[in-house]
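What follows draws every value from the coordinates through simple rules; no lab data is involved. What you are looking at is a predicted structure, and each value in this text was computed from that prediction instead of being measured. Positions of Cβ are generated from backbone atoms using ideal geometry, with glycine treated the same way; all protein chains shown enter the neighbour counts.
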Amino acid sequence: MGRRRKNAPKRGSLAYLPRGRAKRHFGRINYWPKIEADSPTLLGFAGYKVGMVYAYLVSDHRGSPTYGQEVFTPVSIIEAPPMLVCGFRAYVQSVDGSKPITEVWMQKPPKDLKKTFTLPEKVDAETRLKKVEGSLDKISEFRAILLTQPRLAGVKQKKGVLMEVKVDGGKIDDQFKYLKESLGKRASVSKVFSEGQFVDVVAITKGKGFQGPVKRWGVKILQKKSRKTVRGVGTLGAWSPSYVMYTVPRAGQMGFHQRTEKNKRILKTGSKGEEVTPKGGFPHYGVIRSDYIVLSGSIPGPAKRLIKIRHPARPPSHVSEKLPQVTYLSSAPTE
């Protein structure tokens with residue numbers, strides 16, 4: 001009998017190539033869903049990852065074996081202080097996609113905005129507003145320019161981060177009026193998301209540096225008498241073609257990649273951080289000082305990393321109309 005050929009599955013997923021470092025420590029939202037709402041609302045927000053705890057809640061998923069029972073679930077906490085609406089942009093639809101035609105900035109920007117972004121000189125907000133008002137029939141969408149305020153959170157950062165958030169709901173005239181009234185004011189997370197709602201989380205994962213193929217791809221460790229190396233692949237490929245294919249597991253950057261976690265349910269929101277802060281604060285974070293969100297499951301990134309949240313792109317079909325009933329929320333961090 002001939003030698004039996006061994007077949008093995010592919011080591012690691014090729015769906016996320018190239019596995020290079022992200023350009024920034026915060027993610028970028030490339031898609032905004034459409035929602036059915038009568039009044040204009042922001043489709044996204046930003047916050048800082050605090051840590052993970054656990055909670056007990058009553059399962060309201062019909063068809064589940066645990067329906068109506070108290071179940072254990074790990075949860076993540078995000079501190080989401082109010083964001084400053086420092087401007088907005090108007091977009092028109094073209095053959096090449098959406099393109100901005102103009103932008104409007106607040107009259108008296110704070111010092112935090114000047115440290116983050118250099119505003120264009122000699123820009124009259126009233127002139128820009130009249131230009132937008134005269135082009136409402138051409139405008140396809142509006143996007144608000146929000147600025148994070150890390151000073152209000154437990155994060156030692158001086159510069160905020162600008163975030164462009166789409167405004168949806170109602171008509172274009174209503175959206176323009178909403179942004180015009182909100183210019184220079186603070187937006188809170190409680191007006192964007194509500195308890196029981198599903199959201200998508202966009203963030204940068206933990207960075208693990210330069211790693212070998214065993215840890216990076218999960219390849220099998222060779223026998224100790226193998227030639228040249230033990231923690232490596234058995235072969236880099238055939239003699240012909242004489243190059244290494246991209247499918248061969250190789251050493252390189254691991255972690256610090258952008259990832260999107262979909263359909264995370266908001267179990268609880270609040271404005272008093274002491275309700276969920278343990279004694280002595282969270283490890284590697286500290287005390288929650290402003291608004292917070294409790295999400296089911298885990299989210300990417302280490303503590304203090306900026307997390308972007310948006311309305312779900314593909315919401316689940318089993319959305320319960322009842323609010324989540326949290327019976328117990330632990331104040332002891334799990335990490």
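Sorted largest first, the spans of the alpha carbon positions of the chain along the three principal axes are 84, 53, 41 Å.
By how many degrees, 0 to 90 and rounded to 10, does the Cα axis of helix 125-134 deviate from the longest principal axis of the chain? Roughly 90 degrees between the two axes.
Using only Cα coordinates, the Kirkwood hydrodynamic radius of region 83-187 works out to 14.5 Å. Which of Tyr16, Tyr246, Tyr67 moves most in a GNM of the chain, Cα contacts under 10 Å? Of Tyr16, Tyr246, Tyr67, the Gaussian network model singles out Tyr246 as fluctuating most.
In cubic angstrom, how much convex hull volume per residue do the alpha carbon atoms of region 170-285 span?
Details: hull volume 30.5 nm³, N = 116.
That works out to 263 Å³ per residue.
For the chain, set up a GNM with springs between Cα atoms under 10 Å and report which of Ala37, Ala238, Ala46 has the largest fluctuation. Maximum fluctuation in the GNM of the chain, among the listed residues, is at Ala238.
Between the Cα long axis of helix 172-182 and the first principal axis of the chain there is an angle of about 80°, rounded to the nearest 10.
Which of the pairs Lys23/Lys177; Lys215/Lys308; Lys156/Lys215; Lys220/Lys304; Lys158/Lys180 have their Cα atoms more than 30 Å apart in this structure?
Details: Lys23/Lys177 35 Å; Lys215/Lys308 28 Å; Lys156/Lys215 33 Å; Lys220/Lys304 35 Å; Lys158/Lys180 28 Å.
In this structure, Lys23/Lys177; Lys156/Lys215; Lys220/Lys304 exceed 30 Å between Cα atoms.
Put the Cα centre of region 262-335 next to the Cα centre of region 235-254 and the gap is 42 Å. Local charge for Phe198 was computed over the other residues whose Cβ lies under 9 Å away, with Lys and Arg +1 and Asp and Glu -1, and equals +2.
Among Glu261, Glu133, Glu36, the largest mean-square fluctuation in a Gaussian network model of the chain, built with springs joining Cα atoms closer than 10 Å, belongs to Glu36.
How would you classify region 19-67 from its alpha-carbon gyration tensor, with a ≥ b ≥ c the square roots of the eigenvalues: rounded for a/c under 1.5, else prolate if a/b is greater than b/c, otherwise oblate? Oblate, since a/c reaches 1.5 and b/c is not below a/b. Close amide H contacts of Gly232 (hydrogens built in the peptide plane, cut-off under 5 Å, sequence separation of 5 or more or a different chain): Leu222. Counting only Cα atoms, region 261-335 measures 40, 27, 21 Å along its principal axes, largest extent leading.
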